[in-house]
Amino acid sequence: MALTDSLLTALPDIPRWVEVRGMLLAGRGHAYGVELTPTPTGVVLQPDIKLAAVVGQPDLELIREIAQRATEILAVPENADWVTRALPNWTSELATLHRLSDPNPLLDSASESVRLLEPGEVQSIRDRTLREELEIATCTGTTIATTLLADQPVAFCYAGAITETLWDVAIDTLPSYRRRGYATQCFHYLARLMAQNGKQPVWGATESNQASTRLAAKLGFMAIDSLFVYSRVA
């Protein structure tokens, strides 16, 4: 616990560390191989979603060991070559991190068709992948905003990670309802709630997900940093 707390203190509360710090603050992430000098180093793993993040340049064998329990691993650009050495058979993709250029308009946005999702409503979602993702979120008490159409949830937004001042935007819409603005309504609703607690959104979009990049720009986000996302080859 002491090393976890020390790692939290050593990593600033900025977008590139929102996932790492969020995992540790929620108590769902486990830190391995932590060293604080000369620079913060280690690997953090959240087993329930099989997500890991490399901090600094920890032992290559440690990265490989943690990779056996993860399907995605995050690394900042300056450490990407090190992680590639450890995982030469994994694919990697650059993800751009965004922050709102002006969060104030969020405070005035409202929609009667958006509310918080009730835990019992998750089972009614027909998309299996999305349903399983939301089940994990609800089991951990995560607040999920949903946009309704004919009283049926069609779009969803929740915080994939939360730190003292930031939250990582997780957002999705059922396939047949995409590109109709439902996700935008959902995001604004949750962003207002989070802003009341002093937390601002971080939006991550991989290069291959141009739809996410375009939506981020539409919502007023600007690019400020990047991460590499490593994925296990199927």
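Give me the distance in nm between label points sitting 7 Å out from Cα along the Cα-to-Cβ direction at Q196 and N89, one decimal.
So the two model labels end up 5.0 nm from each other.
How big is the equivalent ellipsoid of the range 2-89 along its three axes, where each semi-axis is √(5λ) from the Cα gyration tensor, reported in whole Å from largest to smallest?
So the equivalent ellipsoid measures 18, 15, 12 Å along its semi-axes.
On a full-extension model of 0.36 nm per residue, what is the gain between E72 and S124, subtracting their alpha-carbon distance, rounded to one decimal in nm?
The E72-S124 span can extend by a further 15.9 nm.
Between E135 and E164, what length in nm is gained on full extension when 0.36 nm per residue of separation is reduced by their alpha carbon distance?
Length gained, E135 through E164: 8.0 nm.
Any chance you could check the Cα centroid distance between the range 10-30 and the range 138-187 for me, in angstrom?
21 Å
Could you order the peptides 54-64, 151-161, 122-132 from most to least packed, using the average number of other C-beta atoms within 10 Å per residue?
The densest-packed peptide leads the list: 151-161, 54-64, 122-132.
About the Cα centre of the chain, how large is the charge dipole given +1 on each Lys and Arg Cβ and -1 on each Asp and Glu Cβ? Please answer in debye to the nearest 20.
The calculation lands at about 540 debye.
Go ahead and estimate [θ] at 222 nm for the chain from helices alone: -39,500 (n - 2.57) per DSSP H run with n ≥ 4, summed, over the residue count, rounded to 500.
Counting only the DSSP helices, I get -8500 deg cm²/dmol.
Sequence-distant or interchain residues sharing an amide H contact under 5 Å with G29, placed H: which?
Excluding prolines and chain starts, which carry no amide H, the hits are L24.
Over all directions, the average projected area of the alpha-carbon convex hull for the range 144-234 comes to how many nm²?
In nm², the orientation-averaged hull projection of the range 144-234 is 7.2.
Using packing as a proxy for protection, rank 74-81, 167-174, 14-21 so that the peptide with the highest average count of other Cβ atoms within 10 Å comes first.
The packing order, highest mean first, is 14-21, 167-174, 74-81.
Could you give each residue of the range 82-98 its phi-based ³J(HN,Hα) in whole Hz, using Karplus coefficients 6.51, -1.76, 1.60 with θ = phi - 60°, and x for Gly or Pro?
Per-residue couplings from phi come out as 5, 5, 4, 4, 6, 10, x, 9, 8, 8, 9, 8, 7, 10, 8, 9, 10 Hz.
What are the ³J(HN,Hα) values, in whole Hz, obtained from phi via the Karplus relation 6.51 cos²θ - 1.76 cosθ + 1.60 with θ = phi - 60°, for each residue of the range 120-132 in sequence order, with x given for Gly and Pro?
Taking θ as phi minus 60°, the curve returns x, 7, 4, 5, 7, 6, 7, 5, 5, 4, 5, 4, 5 Hz for the range 120-132.
Read-outs throughout are calculated quantities, based only on the coordinates presented, and are distinct from any laboratory measurement. Just so it is clear, the model here is predicted, and its values are computed rather than measured. A quick note on method: Cβ atoms are made from the backbone with ideal geometry, for glycine too, and the neighbour counts reach across all protein chains shown.
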